[in-house]
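*Asks:* Quick one: the structure is below, and I'll ask about it shortly.
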Amino acid sequence: YALMSPGTFAKQILDTLNDGVVMLRLNGEIRSANAAFQRLVDTDIGAILNSQFSRFVPELEKDLSTLESNFECELHGCSGAVTPIQISLTQLFNPSGAFCGVALLIRDLREVSELRGSLVASDRLATVGGLSAGISDEIREPIHEMRSHLEGIRMRLGALNDAVGECASQEKLS
């Protein structure tokens with residue numbers, strides 16, 4: 001049946017994607033959206049269709065023809081959740097070549113943000129580890145030097161003690 005209805009077949013394919021796909025009209029209204037986008041904004045298709053996309057991405061420019069092809073921003077869901085996203089867009093043109101809207105691919109960056117945070121934390125821990133190793137060496141070296149000098153003093157004191165003992169023995173004999 002799906003092969004006989006290309007629109008239904010295309011919708012089924014789009015609904016299998018993990019990334020959101022949204023088609024916008026020239027005025028910024030949502031013409032269609034896949035299931036992944038519905039999950040991202042936490043609402044059903046009826047609440048999404050014909051609403052302004054800027055409702056979900058407030059910082060989005062109004063003039064769709066001037067948007068960059070890739071950018072990161074925040075998606076505001078209906079439940080109040082804010083999700084970091086990356087938007088990739090393609091301009092759409094009608095058969096006569098006139099600009100008629102855009103297709104957006106919306107990727108959820110929460111996992112990427114968590115990985116970036118982990119990477120920053122790991123980098124900081126590595127820096128602290130390097131500093132700790134340097135400080136440890138700076139503390140250990142003087143202690144090693146003092147031990148070496150104290151060992152030398154102990155040996156000299158032992159020799160001096162032996163010499164004093166010999167002198168005392170010779171005085172007793174004389």
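The values are calculated or read from the model by the stated rules, or taken from the named source; none is laboratory data. Computed from a prediction, not measured in an experiment: that's the story for all the values here. No Cβ is skipped: glycine too gets one built from the backbone with ideal geometry, and neighbour counts run over all protein chains shown. These area figures cover heavy atoms from the full protein model, side chains too; ligands, DNA and RNA do not enter into them. Shrake-Rupley method; radii C 1.70, N 1.55, O 1.52, S 1.80 Å.
*Asks:* Considering only region 22-36, I want to know if a residue exists there that is modelled with pLDDT of 85 or more, under 24 Å from SER113 (Cα atoms) and assigned to a helix (DSSP H, G or I).
*Replies:* yes
*Asks:* Could you please let me know if ARG116 is among the charged types (D, E, K, R) and within 26 Å of the chain's Cα centre (by Cα)?
*Replies:* The answer is yes for ARG116.
*Asks:* Next question. Could you list, ordered by first residue, the pairs with Cβ atoms under 6 Å in which the first is in region 3-16 and modelled with pLDDT of 70 or more and the second is outside any helix (DSSP H, G or I) and among the β-branched types (Val, Ile, Thr), at least 6 apart or interchain?
*Replies:* Pairs found: LEU14/VAL21.
*Asks:* Just to verify a result, which residue in region 69-90, among those that are open to solvent by 60 Å² or more (accessible area, probe 1.4 Å) and of a type in the set (Ser, Thr, Tyr), is farthest from the chain's Cα centre (by Cα)?
*Replies:* Selected residue: THR90.
*Asks:* For region 12-30, give me each residue that is more than 15 Å from LEU105 (Cβ to Cβ) and touching a Leu at 6+ places or on another chain (Cβ under 7 Å).
*Replies:* LEU26, GLY28
*Asks:* Within region 47-68, which residues are out of contact with any Gly (no Cβ under 8 Å at 6 or more places or on another chain), open to solvent by 60 Å² or more (accessible area, probe 1.4 Å) and either under 17 Å from ALA36 (Cα atoms) or charged (D, E, K, R) (or both)?
*Replies:* Once the filter is applied, which keeps residues that are out of contact with any Gly (no Cβ under 8 Å at 6 or more places or on another chain), open to solvent by 60 Å² or more (accessible area, probe 1.4 Å) and either under 17 Å from ALA36 (Cα atoms) or charged (D, E, K, R) (or both), region 47-68 yields LEU49, ARG55, GLU59, GLU61, ASP63, GLU68.
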